[in-house]
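This report refers to the structure that appears directly beneath it.
What follows draws every value from the coordinates through simple rules; no lab data is involved. Fair warning: this is a prediction, and the values are worked out from it, not measured in the lab. Cβ sites come from the backbone with ideal geometry, for glycine too, and all protein chains shown count toward neighbours.
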Amino acid sequence: MRKGLWSRGFRYRLNYKRLPGHPDLVLRKYRTCIFVNGCFWHGHLVALPQMSDGRSKKEDVIENSACCKIPNTNREFWVAKIRRNQERDKEEQRKLAAMGWHCITVWECELKPAKREATLDSLAFTLNHLFLQDRKRVKMYPQVDENAGLLRAAETVESFNSKK
Ligand SMILES: [Zn+2]
């Protein structure tokens, strides 16, 4: 993925420790953080049972996805762990958005050889789109308020994810 972005002309920093969540890649020019998430650990496309204490009972139905299958043994433990990871992801991205960063999540399964090129093309498209949008905004509204930034970042994640 790094090679693919590099060959498409994007420059980035790796494992940027100074930002919340330590994004895997940071593209300053695009004000964008990219997280590459493992499908199992971050529960990609899995419908976890809704329980306020983050636990899961044996009889709860879990809809596994192609890339994330919760083991039947120690299920409560895995569900709680994955849910915690998901909540942490959300919180970190919320903080980054408040700081004016866009966040993009790329899933492990989207980087398999058969999908990799399409994922990278889509990522490149999204980054260029964000860049143009930001420039337009600066021209139209010199004062960017924090809430607008938050909203914009949320929309970005949505639109990137919905393209899959
Ligand atoms: Zn996946």
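In table form, for the structure just shown:
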{"read-out": "Two-decimal Rg to Rh for region 72-139 - Kirkwood Rh, Cα set", "value": "1.13"}
{"read-out": "Estimated FRET transfer efficiency when R0 is 45 angstrom, pair ASP121-VAL61 (beta carbons, to 0.05)", "value": "0.80"}
{"read-out": "12 Å beta-carbon shell around GLU117, net charge (K/R +1, D/E -1)", "value": "+3"}
{"read-out": "Cβ-based net charge around ASN15, under 13 Å, with every Lys or Arg adding one and every Asp or Glu removing one", "value": "+3"}
{"read-out": "Relative packing of peptides 117-128, 91-102 - highest average C-beta neighbours within 10 Å first", "value": "91-102, 117-128"}
{"read-out": "Computed Rg/Rh of region 1-114, alpha carbon atoms with Kirkwood Rh", "value": "1.04"}
